[in-house]
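One structure is given here, and the rest of the page talks about it.
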């Protein structure tokens, strides 16, 4: 331990929730002319230590010294259902019953069985999470829905507003035409997000070992790119097959979705797995892994 | 160099021989409820500055800077 201080002063400004709240940042509540380059502060949302590189009042710049919470923001434990809460949304009809399939050597799967299901259902994750401005989700799907056009799946980012939470998220579903075509849509509160494109994706394998789907979500405008007046928020979805047909290993060209879906200020503190069906469905979906990570380029 | 301290308190806990001996790490001899996320310490074995990301007593987490 230090036994003599080189000066009577230290450089630590304490802990702040969110990089936008670090001292002297534009819009930050702490504006103090005493801030100097080289001062340090801690950002508690992502667990990152920052050093000040420009102390200008209202325009300070901070650089991350650590990678912070490089692990997942949330990840299914691949063991049981304890991470999931009660259904957030009452469907129009029918049920979805979650269970665990432990018969696979490579690991457990989450089984979601739909019985005469119609409407919207979301299984929320119990853990309350704090989403960074830019994040990535991964999903490994095995058995895909058998029916066309109505059998949707959704990785949702939801408010915790009780029985009828407000959802923001991605709708990934099987279309009615072209056989086993799958599409991705932005999803907002029970309907597709305005501006969500409508192009079909390529085929995706519907048998084992399934495939990966991943999305990159920028839910708030980039703080260094707001001067043009555009929100520049985006969602990009892509997937690849993992075996079973001619698309093995291929990028399946799911729509890249770029739309102005500014979720700034919304308390997105829940995630879950959801379904949407226009008419009654009997189907089964199995999932091997689900996780959300901070994007390495989150600023 | 800082010419004014933003708070009366600094966050440096000193040097420790090994990550296992950092404050509040499970099994460490130093357990102190004053530890906070964002505090720093030096690991003299790896010559790495560490930042505390979870100050929980007997279950603290530290990350290298």
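Rule-based calculations on the coordinates, nothing more; no lab input. In this text, all values refer to a predicted model and were calculated from it rather than measured experimentally. Every residue, glycine as well, gets a Cβ built from its backbone with ideal geometry; the counts of neighbours run over all protein chains shown.
Relative contact order for chain B using alpha-carbon pairs under 8 Å, separation at least 6, rounded to a whole percent?
It comes to 29 percent, rounded to a whole number.
Per-residue mean of other chain beta-carbon atoms within 10 angstrom of the beta-carbon, peptide A:10-21?
Partner-chain Cβ atoms within 10 Å, mean over residues of A:10-21: 4.
Let me know the mean shielding of A:27-34 by other chains, meaning the per-residue number of their Cβ atoms within 10 Å of its Cβ.
1
Enter the mean number of other protein chain beta carbons within 10 Å of the beta carbon of each residue in A:42-54, as an integer.
Partner Cβ neighbours, averaged per residue: 3.
Modelled label-to-label distance, residue A:31 and residue B:65, 7 Å Cα→beta-carbon offset: nm?
Simple spin-label model gives 2.9 nm for this pair.
Working from the alpha-carbon coordinates of chain B, get Rg over Rh, Rh being the Kirkwood radius.
0.99
Among B:36-45, B:14-23, A:39-48, what's the highest-first ranking by average C-beta atoms within 10 angstrom per residue?
Ranking the peptides B:36-45, B:14-23, A:39-48 by packing returns A:39-48, B:36-45, B:14-23.
Suppose R0 equals 41 Å; then what is the FRET efficiency for residue B:29 and residue A:15 from their Cβ-Cβ distance, rounded to the nearest 0.05?
0.95
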